[in-house]
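Just below is one structure, and these are the notes that go with it.
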Amino acid sequence: DDVKMKLFTGLYYDQFLALIEFLGESVNNLTYWDGKNTKENSKKGTRKFSPEEELFLTLVRFKRGYSVNTMAHFFGIFSSTVSVIFTTWMQLSYCHFNSYRSIMFPERHHFRNNLPRVFKTFKNIRCTIDCNRIFVQMPRDFRQPRKFVFSYKNHHTYKSLIGVAPNGAIVYVSDLFEGSISDRAIIEQSGFLNYINPGDLILADPGFTIEDLLMARQAVLDIPPFLGKRTKFTSEEELKTRRIAKARIHVERVIERVKKFKLLSGNIPLSLSPIADQMVFVASCLVNLKEPLVK
């Protein structure tokens, strides 16, 4: 049932089959990890589920955000087994998707002739960027070192940079940084600039004060104009603001697609924080299996 498949996994059945085929023969010979220790799970034994069923379990938890106890009840297994399967398949998916990271960010000539109408006025557009913020469960032991900080609306947060092509495909996903990092710092530290070519145009919001960083790459930043000490924009600035806003809204729509994987839209459990980087990247790649966002 395609409707129910999409509801519970985020994918249609043919997309699910394409994903299992993409993961290859390795799905039949997995090393299971417990998600806490860097060692093989000693209780591998005989597989209770087929690879397709394990992937289905993983996607259901990822998409619907169910707890391990709820999933254990649904599937008639121990909650610890749910954790093992989920962590293993998330890492497997990440390893396969990550091997394409270097070719994930196409140069602008690949989509120059098929630009959506809203982007046709932006010469040499390469991508639109924005940051995705996700919340993480607070640790009980505040002495325990964490990658996130208590910095946003009284939550512990992670922050990642996302780049989106004019058609709405995610072409760049950074690793996660502490929630207090500035937009400029994440651009400097994430490796995003390594993908930028001379002449590229990058769309962003006014928080990205990175014009000099792009100029060093002979690239151009386009952001809405600032009011400064003025009370209103000129008519030309108003037109530019609207034009950029119509184009930039799509990166926000893409981030909303990522957050439809409900395990990422609530508070990520502390038990999953070690693989939060992988989860965000896998979610972004699964979003790219969906129909194009912009036509």
Q.
Per residue, how much accessible surface does the chain expose to a 1.4 Å probe? Answer in Å², no decimals.
A. 53 Å²
Q. Cα centroid distance between segment 210-274 and segment 40-115, in Å?
A. 29 Å
Q: Take each of the peptides 271-280, 161-170, average the number of other beta-carbon atoms within 10 Å over its residues, and list them starting from the highest.
A: 161-170, 271-280
Q) Which FRET efficiency value, to the nearest 0.05, do you get for residue 73 and residue 245 by plugging their Cβ-Cβ distance into 1/(1 + (r/R0)^6) with R0 = 35 Å? A) 0.15
**Q.** Computed [θ] at 222 nm, helices only, for the chain once each DSSP H run of length n ≥ 4 contributes -39500 (n - 2.57)
**A.** -12000 deg cm²/dmol
Q: Compute the length gained on full extension between residue 236 and residue 102: take 0.36 nm times their separation in residues and subtract their Cα-Cα distance, giving the result in nm to one decimal.
A: 44.4 nm
Q: Sort the following peptides by mean Cβ neighbour count (other Cβ atoms within 10 Å, averaged over residues), highest first: 249-258, 82-91.
A: 82-91, 249-258
Q: Putting +1 on Lys and Arg Cβ atoms and -1 on Asp and Glu Cβ atoms, find which of 18, 110, 241 reaches farthest to the positive end of the dipole of the chain.
A: 241
Q: Taking only Cα atoms and a 10 Å spring cutoff, compute GNM fluctuations for the chain and point out the largest among 259, 48, 63.
A: 48
**Q.** Relative contact order %, the chain, counting alpha carbon pairs below 8 Å whose residues are six or more apart
**A.** 20 percent
Q: Between residue 178 and residue 253, with labels modelled 7 Å along Cα→Cβ, what's the label distance in nm to one decimal, could you check?
A: 3.6 nm
Q: Could you work out the local net charge near residue 96, counting Lys and Arg as +1, Asp and Glu as -1, over the other residues with Cβ closer than 13 Å to its Cβ?
A: -1
Q.
Treating only the Cα positions of segment 2-101 as identical point scatterers, give the base-10 log of I(q)/I(0) from the Debye formula at each q in 0.13, 0.18 Å⁻¹.
A. -0.45, -0.88
Q) Using a simple charge model, +1 on the beta-carbon of Lys and Arg, -1 on the beta-carbon of Asp and Glu, nothing else, what dipole does segment 2-101 show about its Cα centre, in debye to the nearest 20? A) 400 debye
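The values are calculated or read from the model by the stated rules, or taken from the named source; none is laboratory data. Just so it is clear, the model here is predicted, and its values are computed rather than measured. Every residue, glycine among them, receives a Cβ derived from its backbone with ideal geometry; neighbour counts consider all protein chains shown. In case anyone asks, the SASA skips ligands and DNA or RNA and just uses the protein heavy atoms, side chains included. Shrake-Rupley method; radii C 1.70, N 1.55, O 1.52, S 1.80 Å.
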